Amino acid sequence: MVLPQSEGKNWFRRVHNAFNGECIESPLKYCRSGRSLFLVIGIAALLIAILFAKKLCSVTDLRTSSTSSRSAWHGNQLNEQGLLTITSEYEHPVIIATIRGYAEHERCNGDDEPENIDRGALAKLTVISDSVYIDAKIQETTSLVRVGEPQRILTNDTSDTENYLNPLLWKTQFRLDVSPPPSSMYSSLKGVGLCYRIDWRVEYISLMTAMADYPSKSCSFVGKPKYHRKWENSEFLSESVRREGSWLVRMSPDENWQWVETVASSHQSSIKESLASASTTSCASWNQQRPYSIEIIGDSQPSYTCHHLLYGLTGSMFTPHPNVKCKQIKQTLQNSTTFVQYSNELQQSVADIVIFNPSGLWEAAYGVLDDFRENFHKLLTYIPSKGQNGDSKRRQHYFFAPTTAVHPINYPGLSNDSKKWSMTQPRVIAINAIATDLVMQRRKYYLSKAYDSISISTLPVPWDLLSLSREDDPLIPTDMRHYDFSTNEMLLTALLCKLDEIWESEK
């Protein structure tokens, strides 16, 4: 309704009167109860909010811009480091960033299509911003660190068509706390090292909404658009502050990705010599026979990885290997049947090495974090105090395997699937943080009791961080939580390389 000028001057007084239940005489000459008017307005606002919540996950035209800065970051140990400056409509966005290294330096300045970004890359690392709050404690889980507090800014640049319609935005800065892969690794390529490019996007509108237990009332996933810029070598942490993270590397674009630690063994005189040899890895192949037996217990993705080993060791999809056992268990630990299945398997396993993930993907999608902590704490008490592998000279090892990363950007139907709105990477991080903390407590208890024939710890391979860089390898193109052969083989290579070291150390 358009008010005459004289009526407009009195509008605020009329609204004030309406709020107090007085009658408003409108220009249309009808009288309405103030309380009824505000009741109607309230109902309309509620309906709009419900409709908006249903569509929130469909937002793809995020008004986000980006600038970059290599201004000095003055710290006790850091001198000049690169900063990412993110401008968006969200005060506390969660950012996904991937940094890639190329031998062809022109690739670091180009505008590659998403499907071409990984082609030609020889190094890759994906990180997620923010920390996870568990039991009032901050779990540091990221190499992309927020710098300072978000700042409210006013955009008055008419050429910035994305942000001009929403001039009040937030500017947030992040610092990448990571070192590049060892410089000797690629120094022989064309006589120069790699150039680097960083791509990033707003993944969730806030950490709080991304951490919501199922059923989440709204979807905070955004995932688009993406931005990039060249990342100078001087912007990494210095060589004196080595923090390599979980880089994936390869010597040729035709090779599969490998964890940098499986490529470069501490037993080699230099990484360069190792890579120059006939084999590109210093660890034994994942499908080579091992002297120890393995059981992997978990939901779908751990089961896929296990079955890759189970049949890969024999080279036949019809012949499982006798030293490998795979036990798939579905549903969250809150389900009594599921809990009993896990507890029985942990109690009765006779494998030399038992790797277990207590339905981490189910807990992320449909669980309650507080319930998971309570149930997982109870589950750990079912691990026996004496080894069940029948070898009095060998320890039986129990390893908690971190839940692998989820990639909702691969799932185009997410906006219409509210059952997946709680399956977020921040929740995966939280589940892993809770489990790791409880496993450490249990480990200390076992050590205090001098249980020599058994050990419990977290897997010495960061399956979660390694898989975070593999959104390019879903089991099927629309899968947000399962991986294809390349990633499963990468995870197995990293796992078995570390297990070999443990086994050899106990001879």
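We did not get these values from a lab; they are worked out from the coordinates using the rules stated. Here the structure is a predicted model, which means the values were calculated and not measured. Methodologically, a virtual Cβ is constructed for each residue, glycine included, from the backbone with ideal geometry; neighbour enumeration extends over all protein chains shown.
Figures for the structure shown
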quantity	calculated
Largest-first principal axis extents, alpha carbons of the range 350-422, Å	55, 25, 13
Leading residue at positive end of dipole, the range 324-382 (Cβ point charges), from Ala351, Ala364, Phe376	Ala351
Whether the range 402-507 is rounded, prolate or oblate, judged on the alpha carbon gyration tensor where a/c under 1.5 counts as rounded	oblate
Charge dipole magnitude, Cβ of K and R +1, D and E -1 - the range 351-396, Cα centre, debye nearest 20	380 debye
Theoretical gain in end-to-end length, Ser385 to Ser206 [0.36 nm per residue, Cα-Cα removed]	60.2 nm
Positive dipole terminus of the range 435-507, leading residue within Leu496, Ser457, Leu447 (C-beta point charges)	Leu447
Using a Förster distance of 30 Å, the FRET efficiency for Ser184-Val145 (Cβ separation, nearest 0.05)	0.65
Convex hull volume per residue for the range 338-469, taking Cα atoms only, in Å³	105 Å³
Efficiency of FRET between His105 and Ser486 - r from beta-carbon atoms, R0 22 angstrom, step 0.05	0.25
Backbone HN-Hα couplings from phi across the range 454-462 [Karplus 6.51/-1.76/1.60, Hz, Gly and Pro as x]	8, 9, 9, 6, 7, 3, x, 10, x
Gained length - Asp370 relative to Thr85, 0.36 nm times residue gap less alpha-carbon distance	99.2 nm
Per-peptide average of other Cβ atoms within 10 Å, ordering 104-113, 201-210 highest first	201-210, 104-113
Linear extension gain, Asp479 paired with Arg152, 0.36 nm per residue minus alpha-carbon span	114.0 nm
